[in-house]
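Let me begin by presenting the structure, written as structure tokens, before commenting on it.
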Amino acid sequence: MKYLWAPWRMDYILGKKKDACIFCGRPSKKGDEANLILYRSVYAFVMMNKFPYNNGHLMVIPKRHCPDLEPLDDQEIKDLLFLLKASTRVLKKTLHPEGFNIGMNIGKIGGAGVDDHVHFHIVPRWTGDTNFMPVLAETKIIPEYLTRTYQKLHDAFIESLPSVRGRKGRHER
């Protein structure tokens, strides 16, 4: 019998859950790479999922704490959608997926793991990326270290969005 060792999953399963929102504090912290933040704009940011469904699993998150889309104003919605579009472009350029799952789960009953701060998930997909491992071993195979994927994607965000940095009010760093 062969064994697949995925100890990083145990950190998530047994890790202490914080009472505070996991997204609200991220933009104010130093060290984007340590916090897996790939890109920041005025009203939102792009972050890698620490416990991804697939390699390159990203989240686009408003900076303002909102349980759903209704409280967000037009500028915040535009910024979220701009970063959603930019994220798919960066993923296509760097990881070459054959498709995407893009969506959001609103509320605990809707399947949200973080049910009090709305966010989009972008999951790159490839032919054959779903196999027997999740079904039989409750284990998902991620073929690359998060830090290596982070560097590829971070560089591509900076390279792909230079005009945004130059436009007043669109990008902050």
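The values are calculated or read from the model by the stated rules, or taken from the named source; none is laboratory data. In this text the structure is predicted, and so the values were computed from the model without any measurement. Positions of Cβ are generated from backbone atoms using ideal geometry, with glycine treated the same way; all protein chains shown enter the neighbour counts.
Tell me yes or no: at least one residue of segment 62-72 is in a strand (DSSP E or B), more than 19 Å from Glu159 (Cα to Cα) and touching a residue at least 24 places away in the same chain (Cβ under 8 Å). Yes; the residues of segment 62-72 include at least one that is in a strand (DSSP E or B), more than 19 Å from Glu159 (Cα to Cα) and touching a residue at least 24 places away in the same chain (Cβ under 8 Å). Remark: Leu146 falls outside the filter, which requires a residue to be modelled with pLDDT of 90 or more, under 30 Å from Ala20 (Cβ atoms), within 18 Å of the chain's Cα centre (by Cα) and surrounded by 14 or more Cβ atoms within 10 Å (Cβ to Cβ). The residue that is farthest from Phe82 (Cα to Cα), among those in segment 49-67 that are touching a helix residue (DSSP H, G or I) at 6+ places or on another chain (Cβ under 6 Å) and at pLDDT 90 or above, is Gly56.
The number of residues in segment 81-111 being farther than 21 Å from Cys66 by Cα, assigned to a helix (DSSP H, G or I) and among the hydrophobic types (A, V, I, L, M, F, W, C) comes to 4. In segment 165-172, is there at least one residue being at pLDDT 75 or above and acidic (Asp, Glu)? No: segment 165-172 contains no residue that is at pLDDT 75 or above and acidic (Asp, Glu). For segment 79-97, the set of residues classified as among the basic types (Lys, Arg) and free of Cβ contacts under 8 Å to residues at least 12 places away in the same chain consists of Lys85, Lys92, listed by residue number. For segment 119-142, enumerate the residues that are in a loop (DSSP other than H, G, I, E, B), surrounded by fewer than 17 Cβ atoms within 10 Å (Cβ to Cβ) and modelled with pLDDT of 65 or more. If the condition is that a residue be in a loop (DSSP other than H, G, I, E, B), surrounded by fewer than 17 Cβ atoms within 10 Å (Cβ to Cβ) and modelled with pLDDT of 65 or more, then Trp126, Thr127, Gly128, Thr130 are the ones that fit. If you filter segment 25-58 down to residues that are hydrophobic (A, V, I, L, M, F, W, C), within 11 Å of the chain's Cα centre (by Cα) and not in a loop (DSSP other than H, G, I, E, B), you find that the one that is nearest to Gly128 (Cα to Cα) is Leu58. Check whether at least one residue in segment 88-108 is acidic (Asp, Glu), at pLDDT 90 or above and more than 12 Å from the chain's Cα centre (by Cα), and report yes or no. Yes, the conditions are met somewhere in segment 88-108.
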